[in-house]
Amino acid sequence: MPETHIEVCSPATGEPIGSVAIANAEDVAAAAARARAAQVEWGARTLEERCAVLRQVKNVIIERTDDICDLLSKEQGKPKVEAMVHEVINLVDLIHYFTSQADRILSPEPIALHLLKHRASYLHWKPRGLIGIIGPWNFPFNICNGPAVTALIGGNAVIVKPSEFTPMVQDLAREIFIAGGVPEDLFQVVHGYGETGSAVIDNVDMIEFTGSVVTGKKVAARCGERLIPCVTELGGKAPALVLADANIDRTAGALTWGGFANCGQVCASVERVLVHKSVLPALLDKLVPKVAALKPGNTQEDDTVQIGPLNNRRQRDIVQSRVEDAVAKGARVLVGGNIIEGPGNFFEPTLLADVTADMDIMSQETFGPVLPIMVMDDEDSMIAEANRSHLGLLAYVFSANTGRARQIAERIEAGTVMVNDVLSTHGMPETPWGGVKESGVGHTHGDDSLRHMCQQRHVNYDRLPPMRREPYWYPYGPNLYGLFKRVMGVLLGSGIANKLRWLTGR
Ligand code: NAD
């Protein structure tokens, strides 16, 4: 018998907390058909009418904040304050930004033609139709619903396939969008594993995927077969370069938060600290007590807990194997290093020193509460080590000299580099979020992400009363070839002497 339901278990206790029905291929096709039918009316509404609905959704989210944060703590495992800051405020602000800017972003854009001045062009944006969103379990509320907002503003329907580890919060999200006025059929949610995700790809006009590199490649291949666009937001291995002149107090605070927030399960987490040898002792003096003071526990029971469980056992096993490999190859455990025994998926906040480039922890994504420190001789070798990764999502540079730090930032292969801060550009919806190398293709956030939810269409028309015929139309007279050759030389060639020669034909 095929599995019909997913039983969701608490990451903190292992106890069942709910279940969702799995959608098979027929269920997904039926949901997609309902969404497409609803999109016809939604796409015909004005942009302002659609934005007004999304503003109402924003208000319902604000009203239901406690329900959302409580469920995120229960199902995903994170502290409620992180659920509030990283997921709820982040999404509310994204809705605020895009609903107030949509008119500017999606208004027709003229293109001044540089040569054919008797004609003119402009771009305008039309809904694609149905957008499929496939999400991960680390920020299930924010990552599934940010793209849903831009898709809906763009006039599309959405079908969301959340992670099998955190499905329940997406059912709550759908309830909230509908309570805000989004038509019920327009916003579909389907649950399941990879097969359900594949079925989503088979039924939509574009995919917005966030998850691992391995799955991202499969998703992109399937989108390629269907010739539909696909944004892939994949893994990260963010390096933090601590230069000799860094403010060590601020750097230690930033690295601790950047490495351990959401129990390290952030694609932008600080995963590699590359520290100049001259400041290593001072940095460790600050970091050791900070990491040792982090309080792990069940976020449902205690609001002062800073480190929840890992979301699932698979992830805890990955974290354990990275630490074991590092220790076997000579890393020194300064804090933590072990599983916390019990029914949940807890791992001690861990600080590793004497880390070297051959350890898995410096090349493979860890996605857990571990901060590895590698000592470096100079800035050039820091940059080379930062760029050695196959991933390139975020990177960080710490220095008192912002100008120098920006020069280094521009040499790092990453979609975003922050100077003297960590993680927070995800909360700036006007800035693009997306990686280079195997961290993915395309962007969420930034004005272009809203445009990308639409088909870009181009209209070209006559500015001046039209001529009887264009010079390149039929018939082709005997001198036309020579005439165009001269015109090309004069208009597009370089150098006055050359232009004169082409004009006179000598
Ligand atoms: P995952 O790749 O295992 O799963 C992601 C989603 O894809 C899930 O919903 C899953 O059911 C679905 N899926 C699995 N196989 C599929 C298939 N063949 N076709 C379609 N869908 C399929 O990733 P995960 O473990 O849920 O998430 C963790 C990863 O996500 C990490 O690598 C992390 O870095 C990355 N991530 C990236 C960003 C970013 O913005 N770049 C943000 C958050 C997480």
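For Glu7, Glu324, the sequence from fewest to most other C-beta atoms within 10 Å is Glu7, Glu324. A straight Cα-to-Cα reach below 26 Å connects Lys286 with the lysines Lys78, Lys237, Lys277, Lys295, Lys329, residues fewer than 8 places away in its own chain not being considered. Ignoring chymotrypsin sites (Phe, Trp or Tyr not before Pro) that are buried or in helix or strand per DSSP, and keeping those with at most 15 other beta carbon atoms within 10 Å, what is the longest stretch of the chain between them? Free of exposed loop sites, the longest segment is 194-471. The DSSP beta bridges internal to the range 18-173 are antiparallel in roughly 40% of cases. Need one number: the % of Cα-Cα pairs in the range 101-189 sitting beyond the 17 Å mark. In whole percent, the share of Cα-Cα pairs in the range 101-189 beyond 17 Å is 56. Taking 0.36 nm per residue of separation and subtracting the Cα-Cα distance, full extension of the segment from Asp67 to Asp285 would add 74.5 nm. Working from label points 7 Å from Cα in the Cα-to-Cβ sense, the Asp325 to Ala33 distance is 4.7 nm.
Summing charges over neighbours of Ile307, with a neighbour being any other residue whose Cβ is under 11 Å away from its Cβ, gives 0 when K and R count +1 and D and E count -1.
Lys and Arg at +1, Asp and Glu at -1: add these up for the other residues within a Cβ distance under 13 Å of Gly446 and post the number.
Neighbour charge sum, excluding Gly446 itself: -3.
Backbone N atoms of the range 96-136 closer than 19 Å to the 7 Å Cα→Cβ label point of Leu491 belong to residues 111-122.
Evaluate E = 1/(1 + (r/R0)^6) for Thr4 and Asp171, where r is the Cβ-Cβ distance and R0 equals 22 Å; express this FRET efficiency to the nearest 0.05. Working from the Cβ atoms, E equals 0.85.
A viscosity of 0.890 mPa s and a temperature of 25 °C, combined with the Kirkwood radius over Cα pairs in Stokes-Einstein, give a translational diffusion coefficient for the range 175-258 of 149 µm²/s. Residues Arg463, Arg451 in ascending order of nearby Cβ atoms (within 10 Å, fewest first): Arg463, Arg451. At an R0 of 51 angstrom, the distance between the Cβ atoms of Asp358 and Gln56 translates into a FRET efficiency of 0.40.
Ordering Val419, His443, Asn401 by Cα displacement along the dipole of the range 362-493 toward the positive end leaves His443 in first place; charges were set at the Cβ atoms of Lys, Arg (+1) and Asp, Glu (-1).
Per residue, the convex hull spanned by the alpha carbons of the chain comes to 199 Å³. Average projection, convex hull of the Cα set of the range 452-506: 7.1 square nanometres. Considering only the range 268-402, what is the antiparallel percent among its DSSP beta bridges, to the nearest 5? About 35 percent, rounded to the nearest 5. In this calculation the C-beta distance from Asn420 to Lys277 is compared with R0 = 22 Å, giving a FRET efficiency of 0.60.
Enumerate by residue number the trypsin sites (Lys or Arg not before Pro) in the range 274-364 meeting two conditions: DSSP loop (anything except H, G, I, E, B), and at most 12 other Cβ atoms within 10 Å of the site's Cβ.
Numbers: sites: Lys277, Lys286, Lys290, Arg313, Arg314, Arg316, Arg322, Lys329, Arg332; in loops: Lys329.
Here no loop site has a sparse enough neighbourhood.
The antiparallel fraction among DSSP beta bridges confined to the chain stands at about 40%. Each other residue within a Cβ distance under 10 Å of Thr256 adds +1 if Lys or Arg and -1 if Asp or Glu, for a net charge of +2.
Every number here is computed from the coordinates shown, using simple stated rules; none is lab data. Only a predicted model underlies this, so the values are computations on that prediction, with no experimental measurement involved. So basically every Cβ, Gly included, is an ideal-geometry build from the backbone, and we count neighbours across all protein chains shown.
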